[in-house]
Amino acid sequence: MKRSISLKRVQKYLRLSSFGSNKGTLVKYQMASYHISPFLLKKKKKEDITGIMQPIKGTRDFNPEEQRILDYIKDKWYHSSKLFNFDHYSTPIVESYDLYEKKTEGTNFEEDLKKEMYQFQDFSGQKLALRPEQTPSMARLVLKEGPKIIKPIKWYTIAQCWRYESTSPGRKREHYQWNVDIWGSKDVHVEAEILSLAVHFLKSIGFNSNDIVIRISSRQVLYNYLFDDLEDEEKLKKASFEKVCAVVDKLKKLNVEEINDHLDSITPPLPSSVKEKVLSLTTLDKKEVEALFFENERMHQLNSLLKAYKLEDWCEFDISIIRGLAYYTDTVFEGYTKNSNSYVGSRALFGGGRYDDLINQYDSKSHSPAVGFGFGDIVLLELMKEKKLVPDLVPSIQDFVVPFPKSNMESLAAEIVSSLRFKHGRVADIPLIKNWNLRKAFNYADRVGAERVILVAPDEVSRSMVTVKYLRETDESKKQEEISLQELL
């Protein structure tokens, strides 16, 4: 008599035997003494099919309704960029692994990036990666194009980026990102122009300065505040600065005791004056923070430009904003929601800054100051939903041309729909299921958002006319009319 077996054992058997290995063969032999219920095998098969029907963890499908919303956001990105005279560019989603390794080489972030990149070898043995971010690709393109590029460069792109990291609300393993960059100028006006573009986009979506705040900081201001009073060698200052920045980045999340613990763990040990200044950052009021920034000539000029661009209600100076230490060199900024009750409130909507030394990491003979930002779609879309700013986007069908059932009107209907598309420039469609009755045809037209239905029927055609029904018209007297067939052809 054969013994029954659990689903777990069945799954192990199917998994191992599918590889055709010696181990799989042995398991198959051992399983011969068991009775495997057909129900369990069917259940396993159903689980396998269900699994492959889902997108890979951390990725997303977009059905047509969801895609229309994503396209709406992308269109706003496109139009905002064009308004500010940015040129569109694109690069491959697959790049050389070395391109990203070079960017973080010798930094504390080198190992983190390696762990997060989707990396693989192609059939030639070349090591490749799905792009985790866009800026290195732009640097490669700028170097490739060389002197023929007109500077300052004002470029933008919308790229899908990939990182293998833990998923959580607002964080997935892929996202679409609007990248905007200006290369070739050290003038602080570049920062003001970039921030003005970000604010214009936010306004075009429906946000205002009560919803969003852009927090601005300066590496140079922080560096001078912490270390200017010291007489230690420059090497000590630079070695300490990156570690201190990591603590400053967490100031709003830590209590005084935790801040002290982090500072005490830094080696070489920090001077007591530096520790005191880091702690003092937690008690500075708005006026004291602004005074600290406006002692810096660039930040004072930036503040004047923000007022000229009418951005002062959107922006504030915040010395705790740090961002990526791997390549930002001075100004950094991040956009946050002011009044969200969800996880969105703790996540930056977008961020960027000045990165004057990036291109030098790829070519020691090249130098090009740059400012840019990245603006992802995931947190933005969640905030739009929370603020009820997602528009009701229906398919944009203007005309649905219906041949009367079983009337040999199909050819004329096809002629009409072609004329509407190519002569009149209207979005038009026609039933693609043979012999639909009128109820089904009209119901479909209504569900897909058609503005009007053009009914091609023998009686009306004999008089060179067609019946037009306006589905969105509320005045009953204007809902239907006959028009000349010649008007449509």
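The values are calculated or read from the model by the stated rules, or taken from the named source; none is laboratory data. Since this is a predicted model, take the numbers as computed values, not measurements. Cβ placement follows ideal geometry from the backbone for every residue including glycine, while neighbour counts extend to all protein chains displayed. What goes into the accessible areas is simple: the full protein's heavy atoms, side chains included, and nothing from ligands, DNA or RNA. Shrake-Rupley method; radii C 1.70, N 1.55, O 1.52, S 1.80 Å.
Jot down the radius of gyration and Dmax of region 222-294, Cα atoms only, both in angstrom.
12.1, 33
Starting from the Cα of Asp98, step 7 Å along the direction of its Cβ; do the same at Glu257; then give the gap between the two resulting points in nm.
5.2
Which FRET efficiency value, to the nearest 0.05, is calculated for Phe62 and Glu415 with the Förster distance at 35 angstrom and r the Cβ-Cβ distance?
Numbers: r = 35 Å, r/R0 = 1.00.
Efficiency, rounded to the nearest 0.05: 0.50.
Asp112 accessible area, nearest 10 Å², 1.4 Å probe?
Its accessible surface works out to 80 Å², give or take rounding.
When the dipole is taken about the Cα centre of the chain, and only Lys, Arg (+1) and Asp, Glu (-1) are charged at their Cβ, what size is it in debye, to the nearest 20?
On the way: 74 positive and 71 negative charges, 661 e Å.
For this selection, approximately 3180 debye.
Want the number for Asp363 to Leu230: 0.36 nm per residue separation, take away the alpha-carbon distance, what's left? Walk me through the numbers before you get to the answer.
Details: separation 133, 0.36 × 133 = 47.88 nm, distance 3.39 nm.
Net length gain for the segment: 44.5 nm.
Which angle between 0 and 90 degrees, to the nearest 10, do you get for helix 38-52 versus the longest principal axis of the chain when only C-alpha atoms count?
70
Give me P(r) over region 129-212, computed from all C-alpha to C-alpha distances, binned every 10 Å, as integer percentages.
Going out from 0 Å in 10 Å bins, region 129-212 shows 14, 34, 36, 15, 1 percent.
Going through the cross-link list Lys103/Lys365; Lys74/Lys250; Lys252/Lys286; Lys74/Lys387; Lys76/Lys103, which pairs have a Cα-Cα distance over 21 Å in this structure? The partial results should precede the final answer.
On the way: Lys103/Lys365 16 Å; Lys74/Lys250 32 Å; Lys252/Lys286 15 Å; Lys74/Lys387 19 Å; Lys76/Lys103 31 Å.
Pairs exceeding the cut-off: Lys74/Lys250; Lys76/Lys103.
Please list Val390, Val213 in order of solvent-accessible area, largest first, computed with a 1.4 Å probe with all protein chains present.
On the way: Val390 45, Val213 10 Å².
Reading off the accessible areas and sorting them downward yields Val390, Val213.
Divide by every residue of the chain the summed helix terms, -39500 (n - 2.57) for each DSSP H run of at least 4, and state the resulting mean residue ellipticity at 222 nm, rounded to the nearest 500 deg cm²/dmol. Write down the numbers at each step before the final one.
On the way: 19 runs with 203 residues, N = 489.
Calculated from helices alone, the mean residue ellipticity at 222 nm is -12500 deg cm²/dmol.
Mind grabbing the accessible area of Lys338 for me, 1.4 Å probe, Å², rounded to tens?
100
Under 12 Å from the 7 Å Cα→Cβ point of Tyr72, by amide nitrogen: which residues of region 385-420?
385-395
Calculate the FRET efficiency for Asp285 and Ser185 from the Cβ-Cβ distance with a Förster distance of 51 Å, rounded to the nearest 0.05.
Numbers: r = 34 Å, r/R0 = 0.66.
E between Asp285 and Ser185, to the nearest 0.05, is 0.90.
With point charges of +1 on the Cβ of Lys and Arg and -1 on the Cβ of Asp and Glu, referenced to the Cα centre of region 442-485, which listed residue (Leu485, Val466, Ile454) lies farthest in the positive direction of the dipole?
Ile454
Can you give the charge dipole size of region 349-480 about its Cα centre, rounded to the nearest 20 debye, using +1 on the beta carbon of Lys and Arg and -1 on the beta carbon of Asp and Glu?
The dipole of region 349-480 has a size of about 480 debye.
Kindly state, to the nearest 0.05, the FRET efficiency for Lys478 paired with Ile52, given R0 = 51 Å and r defined as their beta-carbon distance. List each step's numbers first, then the result.
On the way: r = 51 Å, r/R0 = 1.01.
The pair Lys478/Ile52 has a calculated efficiency of 0.50.
Under 17 Å Cα-Cα from Lys114, which aspartates and glutamates qualify once same-chain neighbours fewer than 8 residues away are excluded?
Answer for Lys114, where 17 Å is the Cα cut-off: Glu95, Asp98, Glu101, Glu105, Glu133, Glu165, Glu174, listed by chain and number.
Answer with one residue from Tyr362, His175, Pro405: the one whose Cα lies farthest towards the positive end of the charge dipole of the chain, charges on Cβ with Lys, Arg +1 and Asp, Glu -1.
Pro405
Which one of Val188, Ala441, Tyr97 has its Cα pushed farthest toward the positive end of the charge dipole of the chain, where Lys and Arg give +1 and Asp and Glu give -1 at the Cβ?
Comparing the listed Cα positions along the dipole, Ala441 ranks first.
For the chain, take the longest principal axis of its alpha carbons; what is the angle in degrees between that and the long axis of helix 234-248, to the nearest 10 within 0 to 90?
Helix 234-248 sits at roughly 50 degrees to that axis.
Once both axes come from the Cα atoms, what is the angle between helix 297-308 and the longest principal axis of the chain, in degrees from 0 to 90, rounded to 10?
Long axis of 297-308 versus the principal axis of the chain: about 30 degrees.
If you take every DSSP beta bridge fully contained in region 388-489, what fraction is antiparallel? Give it as a percent rounded to 5.
On the way: 9 of 16 bridges.
Percentage antiparallel, nearest 5: 55.
By how many nm would the segment from Ser464 to Ser166 lengthen if fully extended, with 0.36 nm per residue of separation less the alpha-carbon distance? Don't skip to the end; give the middle numbers.
Details: separation 298, 0.36 × 298 = 107.28 nm, distance 6.51 nm.
Separation in residues times 0.36 nm, less the Cα-Cα distance, equals 100.8 nm.
Heavy-atom accessible area of Phe120 with all protein chains present, probe 1.4 Å, nearest 10 Å²?
Looks like 90 Å² after rounding.
For Glu242, project a label point 7 Å along Cα to C-beta. Then give me every residue of region 256-273 with its amide nitrogen under 20 Å of that point.
Under 20 Å, as judged by backbone N against the label point of Glu242, lie 262-271 of region 256-273.
Report the trypsin sites (Lys or Arg not before Pro) located in region 438-489 that are in a DSSP loop and have at most 14 other Cβ atoms inside 10 Å of their Cβ, or state none.
Working: sites: Arg439, Lys440, Arg447, Arg452, Arg463, Lys469, Arg472, Lys478, Lys479; in loops: Arg463, Arg472, Lys479.
The qualifying sites are Arg463, Arg472, Lys479.
If the reach is capped at under 14 angstrom between alpha carbons, list the aspartates and glutamates near Lys237, excluding any in the same chain fewer than eight residues apart.
Within reach: Asp228, Asp229.
Sort Trp155, Trp77 from largest to smallest accessible area, using a 1.4 Å probe on the heavy atoms of the protein chains.
On the way: Trp155 40, Trp77 0 Å².
Sorted by accessible area, descending: Trp155, Trp77.
Hey, got the dipole for region 322-421? About the Cα centre, +1 on K and R Cβ, -1 on D and E Cβ, debye to the nearest 20? Kindly include the intermediate steps, with their values, before the conclusion.
Details: 10 positive and 12 negative charges, 57 e Å.
Magnitude of the dipole: close to 280 debye.
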